[in-house]
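S.K.: Next up is a structure, given as structure tokens.
No lab work stands behind these numbers, since they all come straight from the coordinates. In this text the structure is predicted, and so the values were computed from the model without any measurement. Neighbour counts run over all protein chains shown; Cβ positions are idealised from the backbone, glycine included.
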Amino acid sequence: MLILTKSIFSMMIGFLLSVCFGVILIPILKRFKAGQSLSIYLRSVHSGKSGTPTMGGFIFLIPTVLTIVLLYFLHKIEFSYSLLIVLFTLIGYAFIGFVDDYLIVIKHNNKGLSEKAKMFLQLMIAIIFFYLFMKGGNEPLLWIHTFHLKIHIGWFYGLFILFVLVASSNAVNLTDGLDGLAGGLSVIAFLAFGLIAWNTGWLEGYESLAIFCFVLVGSILGFLIFNVSPAKVFMGDTGSLSLGATLGAMAILTRHELLLVIIGIVFVLETVSCLIQRGYYKFTHKRIFPMTPIHHTFEKLGWNERDIVKLFWIVGLLGAMVALAFGVWL
């Protein structure tokens with residue numbers, strides 16, 4: 001019961017700090033005119049969102065880090081090696097996102113960092129993560145917990161880790177296109193990984209990892225007060241890249257990489273829709289979907305934004321419950 005109490009208490013601290021920080025930060029972002037510029041393809045449906053402040057990811061990132069530091073100095077959690085790796089990932093990818101958001105604000109367009117530059121920086125952080133992960137004595141094993149299988153995949157595991165981190169960070173980034181969508185799905189995903197971490201008693205520092213997830217859940221919930229429709233602030237790449245990469249890091253550390261596909265099923269579908277659209281258009285110069293990521297297709301079909309978000313939240317919740325049933329319970 002102690003870890004449950006700690007988790008709820010941590011979530012509450014993260015939520016309160018996030019709300020307070022949002023009240024302070026949003027006026028500052030407006031003052032510095034850190035507004036989001038809309039794509040020409042979205043101006044017809046999102047015209048009212050032009051100028052909405054971006055870089056809102058700081059609203060949950062800073063409170064999360066502050067809460068972890070506070071709990072450490074209060075001797076409520078142990079600062080484990082696993083927690084260090086996760087915090088490094090969170091902050092590292094947040095920095096990449098911040099640079100991208102800053103360039104967007106300065107240039108007043110949606111380009112920011114080039115795709116090559118962004119990918120290079122993401123890979124650099126992922127490589128450092130891989131080094132730290134293997135330095136911690138981990139083996140290149142792919143675990144299938146439901147069937148109690150451990151498959152040794154050797155050097156391929158390094159490529160696999162890089163793929164998980166980069167793919168998950170970009171998947172959340174692509175999903176962040178409607179008010180509250182990526183934030184709500186991230187709450188569900190991190191809640192699931194908090195429960196998974198709680199169940200990994202073999203992992204050094206598993207309690208601190210679980211508490212970290214619950215702190216982040218509380219902080220994102222605080223952010224959602226300002227981000228649900230109509231959004232007063234967007235998380236930007238500062239938030240979405242860091243959330244996605246941290247999800248990947250949690251999956252790797254708890255050795256539940258395959259479950260990430262089910263827990264993040266909406267993120268996967270959003271990404272796959274973009275890959276299919278791009279590939280199909282390259283060879284045929286025609287489109288399969290009216291617009292990607294797939295949530296924009298629903299908009300083009302006349303769906304209300306809030307209804308799309310609710311539907312995707314439900315799909316994400318169902319995916320998380322299925323993943324927990326197979327990965328933890330069975």
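S.K.: Using 0.36 nm times the number of residues separating Thr146 and Ser114, minus their current alpha carbon distance, what extension gain do you get? Spell out each step's value before the answer.
M.R.: On the way: separation 32, 0.36 × 32 = 11.52 nm, distance 4.07 nm.
Length difference between fully extended and current span is 7.4 nm.
S.K.: Take each of the peptides 259-268, 210-219, 283-292, 193-202, average the number of other beta-carbon atoms within 10 Å over its residues, and list them starting from the highest. Don't skip to the end; give the middle numbers.
M.R.: Values: 259-268: 24.4, 210-219: 29.7, 283-292: 12.7, 193-202: 19.7.
Those peptides, ordered most packed to least, come out 210-219, 259-268, 193-202, 283-292.
S.K.: Now a separate question. Cα-based Rg of the range 191-294 per 2.2 N^0.38 Å, rounded to two decimals?
M.R.: Rg over 2.2 N^0.38 Å, computed on Cα atoms: 1.33.
S.K.: Counting each DSSP H run of 4 or more residues in the chain as -39500 (n - 2.57), what helix-only mean residue ellipticity at 222 nm follows after dividing by all residues, to the nearest 500 deg cm²/dmol? Let's see the in-between values first.
M.R.: On the way: 12 runs with 224 residues, N = 330.
Rounded to the nearest 500, the figure is -23000 deg cm²/dmol.
S.K.: What does the charge count near Trp198 come to, summing +1 for each Lys or Arg and -1 for each Asp or Glu among other residues with Cβ under 11 Å from its Cβ? Walk me through the intermediate numbers first.
M.R.: Numbers: positive: Lys6; negative: Glu207.
Combined, the nearby Lys, Arg, Asp and Glu give 0.
S.K.: Dipole of the chain, Cα-centred, from +1 at each Lys and Arg C-beta and -1 at each Asp and Glu C-beta, to the nearest 20 debye?
M.R.: 840
S.K.: For the range 83-231, what's the relative contact order in percent, using C-alpha pairs closer than 8 Å and at least 6 residues apart? If you can, show how the numbers build up before the last one.
M.R.: On the way: 116 pairs, mean separation 27.9, N = 149.
19 percent.
S.K.: Determine, from the Cβ-Cβ distance of Val23 and Val315 and an R0 of 30 Å, the FRET efficiency 1/(1 + (r/R0)^6), rounded to the nearest 0.05.
M.R.: Values: r = 32 Å, r/R0 = 1.06.
Calculated transfer efficiency: 0.40.
S.K.: Consider the candidate values (i) 77, 45, 38; (ii) 52, 48, 34; (iii) 120, 49, 31; state which one is Cα extents along the principal axes in Å computed from the structure displayed.
M.R.: (ii)
S.K.: Okay, moving on. For the range 142-233, rounded, prolate or oblate, judged on the Cα gyration tensor with a ≥ b ≥ c (square roots of eigenvalues), a/c < 1.5 rounded, else prolate if a/b > b/c?
M.R.: oblate
S.K.: Please report the net charge: other residues with Cβ closer than 13 Å to the Cβ of Val172, K and R +1, D and E -1.
M.R.: So the environment of Val172 carries a net charge of -3.
S.K.: Using 0.36 nm times the number of residues separating Thr284 and Phe73, minus their current alpha carbon distance, what extension gain do you get? Don't skip to the end; give the middle numbers.
M.R.: On the way: separation 211, 0.36 × 211 = 75.96 nm, distance 5.91 nm.
The Thr284-Phe73 span can extend by a further 70.0 nm.
S.K.: Which of the helices in the chain, when you take each full DSSP H run, stretch at least 15 Å along the axis at their Cα atoms and have an average Kyte-Doolittle score of 1.0 or higher? Working shown, then result.
M.R.: Numbers: long enough: 2-31 (44 Å, 1.84); 58-73 (22 Å, 2.58); 81-107 (39 Å, 1.75); 115-135 (30 Å, 1.21); 156-175 (28 Å, 1.66); 181-198 (26 Å, 2.13); 206-227 (31 Å, 1.90); 236-253 (26 Å, 1.05); 265-284 (28 Å, 0.83); 305-324 (29 Å, 1.40).
Once both thresholds are applied, what remains is 2-31, 58-73, 81-107, 115-135, 156-175, 181-198, 206-227, 236-253, 305-324.
S.K.: Placing +1 on the Cβ of each Lys and Arg and -1 on the Cβ of each Asp and Glu in the chain, which of Ala325, Phe289, Tyr131 has its Cα farthest towards the positive end of the resulting dipole?
M.R.: So the residue we want is Phe289.
S.K.: Explain nothing, just the number: relative contact order of the chain, from Cα pairs under 8 Å at least 6 residues apart, as a whole percent.
M.R.: Working: 526 pairs, mean separation 89.2, N = 330.
Reported relative contact order: 27 percent.
S.K.: If you don't mind, another one. Considering only His75, Leu25, Gly201, whose Cα is most displaced toward the positive end of the charge dipole of the chain, charges sitting on Cβ of Lys, Arg (+1) and Asp, Glu (-1)?
M.R.: Highest projection toward the positive end goes to Leu25.
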